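One structure is given here, and the rest of the page talks about it.
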Amino acid sequence: QVQLVESGGGLVQAGGSLRLSCAASGRTFSIYNLGWFRQTPGKEREFVASIIWSGGSTRYASSVRGRFTISRDNAKNSVNLQLNSLTPEDTAVYYCAASTAGVEGTDPLAFDYWGQGTQVTVSS
């Protein structure tokens, strides 16, 4: 089992920044890929960014590329997501997810473990 706990969400004005963190515990050696997704009411969960747990290779959704940065904190066994130049369209619940399948994908179905989510609200 892998446990994931997100933190760092909140309310920010448009143009502002936030830093989300995802702390992993348990069988972290089994993690291959760790991703961030977001979801708004009535919509499907959307891929945001991901990072290969061991090698650091990253992937971003086109809507956030250049504004968001995903990084690994080896000492803390966590992954951070820096959100810059936020817009109201970035408002969502952000989820951290881990995949143990050895597949670098963006489909939520490829991820085995999920955190509880953290709310990000961007005001105009």
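Laboratory data are not the source of any read-out in this text; all were calculated from the coordinates shown. This is a predicted model, so every value here is computed, not measured. Neighbour counts are summed over all protein chains in view; Cβ atoms, including those assigned to glycine, are modelled from backbone coordinates with ideal geometry.
You will find that of T69, T91, the residue that is without any contact (Cβ under 8 Å) to a residue 24 or more places away in the chain and either among the polar types (S, T, N, Q) or in contact with a Ser or Thr (Cβ under 6 Å, 6 or more places away or on another chain) (or both) is T69 and no other.
Selection of strands (runs of 3 or more DSSP E) fully inside region 1-105 by the criterion of at least 3 residues being surrounded by fewer than 16 Cβ atoms within 10 Å (Cβ to Cβ) returns 2-7, 10-13, 18-26.
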